[in-house]
Amino acid sequence: MTTPGAERKLILMDVDTGVDDALAIMLAHRAPNAQVVAIGTVTGNVSSAQAATNTLKTLDALGADTPVAVGAARAIAREPLPPGNVHGADGLGDANLPAPGHAPTGEHAVDQLLRLVHERPGELSLFASGPLTNLGLALQRDPELPRLVKEVMVMGGAIIAAGNVTPTAEFNIYCDPEAADLVFAADWPVTLVALDVTMRALLRSEQLATLRASERPLARFTMRILPPYLALYSQRFGSEAVTMHDPLAMGLLLDPSLALERARLDTRVETAGELTTGMTVADRRPLIGPGYDQPTHPLDIPLEVDAPRFIAMLMDALLS
Ligand code: BDR
Ligand code: CA
């Protein structure tokens, strides 16, 4: 229940849907304290066009008609990566889902983003769970953008944790490091939800059994799209478990108190490394002595989260 008079967060999502992006979309649409204003797509897990199809299929499961705009097909300054298979070949578990009932709006996701922030200055929370290409392009086009946005929530990077696509780089940042560096350097409040915390946000056998047994539409949709993604992570963990990267970032946007420990760290993205391209380089040096100044442009980085409470929140949404 929404508390009467409580403010609803207005969220503009930017996604590369992806199984866990789909779960973040479901969580956001079921949140009593939020309204998803629109969704843009970007190439990452799949092409931006396929990500739009996957987003629209997810919205069908929700019975929602949130506008979806296709965005950047390729990174700002790089060739696309070879297609991966983490989320199934179609990005949504190869589940033979019916074709979506709606089409994308026809507007480009960058145009949609810029139009909406100008229509609602200072009101929108940006949520990005894919490569940051659309946000980077929007910053290049409109220097006013940072002051028009309330906050930016990004799933990406690895602070102390290892990378997941190279030893040092996380997938979303690695796909478009130039865009990520633009987003981190811009003068707006960014929260970075990195692998350090997302790798601890797991659906395990207990929750999966509950979802399997449920007839609720979002539980059924989840268990249709999940198998390849679940198999991959279960193999990695050695037991049935799957990581909720993008939903955790959405959970933290909806309820910042899920973060039990946060750091404010100057953070840049390596764009020229031979071994470290796409690495999120956070300045974790202790603040002592000359030359060790206070952070000048820190990102807000959750380092510890209440994973059980987040998983309960996600399960409530999927069983609603
Ligand atoms: C990120 O990579 C993608 O595969 C997921 O959707 C998530 O956004 C995790 O590194
Ligand atoms: Ca994603």
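Results, tabulated for the structure shown:
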{"item": "Pairs where the first residue, in region 60-77, is over 21 Å from T43 (Cα atoms) and without any contact (Cβ under 8 Å) to a residue 40 or more places away in the chain and the second is open to solvent by 40 Å² or more (accessible area, probe 1.4 Å) and of a type outside the set (V, I, T), C-beta under 6 Å, 6+ apart", "result": "A64/H29"}
{"item": "Residue match in region 85-92 (condition: over 28 Å from P302 (Cβ atoms), polar (S, T, N, Q) and within 14 Å of ligand 1 (Cβ to nearest atom))", "result": "yes"}
{"item": "Close pairs from region 33-44: first polar (S, T, N, Q) and within 13 Å of ligand 2 (Cβ to nearest atom), partner open to solvent by 20 Å² or more (accessible area, probe 1.4 Å) and assigned to a strand (DSSP E or B), Cβ under 8 Å, at least 6 apart", "result": "T41/V70"}
{"item": "Boolean, L195 is surrounded by 19 or more Cβ atoms within 10 Å (Cβ to Cβ), over 14 Å from the mean Cα position of the chain (by Cα) and within 23 Å of L23 (Cβ to Cβ)", "result": "no"}
{"item": "Residue in region 85-96 that is touching a Ser or Thr at 6+ places or on another chain (Cβ under 7 Å), farther than 18 Å from W188 by Cβ and open to solvent by 10 Å² or more (accessible area, probe 1.4 Å) present", "result": "no"}
{"item": "Matching residues, region 158-173, being within 13 Å of ligand 2 (Cβ to nearest atom), open to solvent by less than 40 Å² (accessible area, probe 1.4 Å) and in a loop (DSSP other than H, G, I, E, B)", "result": "E170"}
{"item": "Residues of region 12-66 satisfying the condition of being more than 13 Å from ligand 1 (Cβ to nearest atom), under 27 Å from N164 (Cα atoms) and not in a helix (DSSP H, G or I)", "result": "L12, I39, G40, S47"}
{"item": "Qualifying residues in region 112-145 (those that are in a loop (DSSP other than H, G, I, E, B) and open to solvent by 10 Å² or more (accessible area, probe 1.4 Å)) - the one nearest to P247 (Cα to Cα)", "result": "E123"}
{"item": "Residue within region 14-30 that is without any contact (Cβ under 8 Å) to a residue 60 or more places away in the chain and surrounded by fewer than 21 Cβ atoms within 10 Å (Cβ to Cβ) present", "result": "no"}
{"item": "Cβ-Cβ under 6 Å pairs, at least 6 apart or on other chains, region 120-136 side in contact (Cβ under 8 Å) with a residue 12 or more places away in the chain, far side of a type in the set (D, E, K, R) and part of a loop (DSSP other than H, G, I, E, B)", "result": "G130/D16; P131/D176; L132/D176; T133/D176"}
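Residue-by-condition table, conditions (1) of a type in the set (D, E); (2) modelled with pLDDT under 95; (3) surrounded by 20 or more Cβ atoms within 10 Å (Cβ to Cβ):
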| site | (1), (2), (3) |
| --- | --- |
| A249 | no, no, yes |
| A263 | no, no, no |
| T267 | no, no, yes |
| D283 | yes, yes, no |
| L303 | no, no, no |
| I311 | no, no, yes |
| M315 | no, no, no |
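Residues are listed down the side, and each one gets a yes or a no for (1) touching a helix residue (DSSP H, G or I) at 6+ places or on another chain (Cβ under 8 Å); (2) under 29 Å from A282 (Cβ atoms):
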position: W188; (1), (2): yes, yes
position: V193; (1), (2): yes, yes
position: T198; (1), (2): yes, yes
position: T210; (1), (2): yes, no
position: R216; (1), (2): yes, no
position: L226; (1), (2): yes, no
position: Q235; (1), (2): no, no
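The values are calculated or read from the model by the stated rules, or taken from the named source; none is laboratory data. Every value quoted in this text rests on a predicted model; they were computed, and no experiment measured them. Counting neighbours? That spans all protein chains shown, and the Cβs are built from the backbone with ideal geometry, glycine included. Accessible surface is based on the protein model in full, side chains and every heavy atom, while ligands, DNA and RNA are left aside. Shrake-Rupley method; radii C 1.70, N 1.55, O 1.52, S 1.80 Å.
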